[in-house]
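Student: After the structure tokens below, expect a handful of questions from me.
The numbers here are math on the coordinates, done by the rules we state, and not lab data. All figures in this text were calculated on a predicted structure; none of them were measured in a lab. Cβ coordinates were reconstructed from backbone atoms using ideal geometry, including for glycine residues, and neighbour counts include every protein chain displayed.
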Amino acid sequence: METKFSEAWGKMQEKLLGWVDTLVLNLPNILIALVVFTIAVIFSKYTSRATLKLLDRSKLQDSMKNLISRLVSVVVILLGLFLVLGILNLSRALNTILAGAGVAGLAVGLALQGALANTYSGIVLSYVKYIKFGDWIHTNDYEGEVVNIDLRSVTLRQPDNNMVYIPNKMVVENPIKNYSTTAQSRVILTCGVGYSSDLEHVRQVVRDTLVKTFDEVEKDGDIIFLYTEFGSSSINFETRFWIDSTSALEVARARTEAMIAIKKAFDAEGINIPFPIRTLDFSGPLRVEHHNDSGPAEKE
């Protein structure tokens, strides 16, 4: 028993000594490999910055510039890694890694279909021009300013200053309403006036009020005024006009200002905005019913 233990201990010592000898012999190569990899990492950062400066002269979107600079940085690090493997005489290991990368890539691709779809969609969003940083968009029932586009999601800052992170795949596959692609937006306002109102006078009051309230509306011909229906208690109308706007929030503010101005103008002109009124009539006889368990209800 002691003999077997001594033999095992001796073999382990020989193995450890062999590893130590190999480490000592390869120590210069290891130090050189560490230096090369460190230089590659530092060089990748400078290369990324230089790439961004070069791309600033182009007309690419900021998101696409950031994506290209990151890819260049990754390529530099991978080249440094290949050099390290060559210095450490691990070329055979590199061939084995590359051979197994195909099978591993297939397995990873099947497991990460959603993540890869978001990555591809992020590249698409970084390249296309209909969405970019600073745009005010509405998509997937969310609305806000685009503050970031990366390989995973689109980040929106909502009007309440909360951040919403929408997966790129959902943004690409669903409709996008971009308020920033045009310099103007249309404001649509609906209201109603009483049946006793002079409809031509109402129309002129609304047009004059909007021209005085908004600088963008230079003349009443820029305003569309349409009576839409005879309502139950009012004659309803709709008015439309353009403002300089690149976000839905500005449209909502303009609608608010228009409502305040029109209400003041109607009050000054004696124009009534009716609202439904319910009248309860208690003039009839009061009917009281008494119920008991022995027979039908008795009425008084």
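Student: Tell me the net charge near residue 265. Cut-off is 13 Å between Cβ atoms, residue 265 excluded, with +1 for each Lys or Arg and -1 for each Asp or Glu.
Tutor: Working: positive: 203, 207, 212, 263, 264; negative: 208, 257, 267, 269.
My count for the surroundings of residue 265 gives +1.
Student: Amide H of residue 150 versus every other amide H placed in the peptide plane: which residues, excluding those fewer than 5 positions away on the same chain, fall under 5 Å?
Tutor: Correct list: 155.
Student: May I pose another question? Using R₀ = 35 Å, calculate the FRET efficiency as 1/(1 + (r/R₀)^6) where r is the Cβ-Cβ separation of residue 57 and residue 152; round to 0.05. Each step should come with its number before you reach the end.
Tutor: On the way: r = 28 Å, r/R0 = 0.81.
After rounding to 0.05, the efficiency reads 0.80.
Student: Still on this structure, please answer the following. What list of ³J(HN,Hα) values in whole Hz, one per residue of segment 270-276 in order, does the Karplus curve 6.51 cos²θ - 1.76 cosθ + 1.60 (θ = phi - 60°) give from phi, with Gly and Pro shown as x?
Tutor: Along segment 270-276, the couplings run x, 8, 8, 9, x, 9, x Hz.
Student: Nearest 0.05, what FRET efficiency do residue 201 and residue 249 give at R0 = 35 Å with Cβ-Cβ as r? List each step's numbers first, then the result.
Tutor: Numbers: r = 33 Å, r/R0 = 0.95.
The calculated FRET efficiency here is 0.55.
Student: Mind checking the dipole of segment 184-269: about its Cα centre, +1 per Lys or Arg Cβ, -1 per Asp or Glu Cβ, Debye to the nearest 20?
Tutor: Details: 10 positive and 15 negative charges, 41 e Å.
So the magnitude is around 200 debye.
Student: Can you pull out the trypsin sites (Lys or Arg not before Pro) in segment 197-232 that DSSP calls coil and that have at most 14 other Cβ atoms within 10 Å?
Tutor: Sites meeting the loop and neighbour criteria: 219.
Student: Could you line up 227, 130 from fewest to most neighbouring Cβ atoms inside 10 Å?
Tutor: Values: 227 14, 130 11.
Listing 227, 130 from fewest to most nearby Cβ atoms yields 130, 227.
Student: Then there's this: Using Cα pairs under 8 angstrom and six or more residues apart, how large is the relative contact order of segment 184-269, in percent? Show your work: numbers first, answer last.
Tutor: Working: 116 pairs, mean separation 35.9, N = 86.
For segment 184-269, the relative contact order is 42 percent.
Student: I would also like to ask the following. Taking θ as phi - 60°, what are the ³J(HN,Hα) couplings along segment 143-155 by the Karplus curve (6.51, -1.76, 1.60), each to the nearest whole Hz, with x for Gly and Pro?
Tutor: 9, x, 8, 6, 10, 6, 9, 10, 7, 10, 8, 9, 9
Student: Rounded to whole Hz and in sequence order, give me ³J(HN,Hα) for segment 187-198 from the Karplus expression 6.51 cos²θ - 1.76 cosθ + 1.60, θ = phi - 60°, writing x for Gly and Pro.
Tutor: Here the 3J(HN,Hα) series is 9, 10, 10, 10, 7, x, 10, x, 5, 7, 6, 7 Hz.
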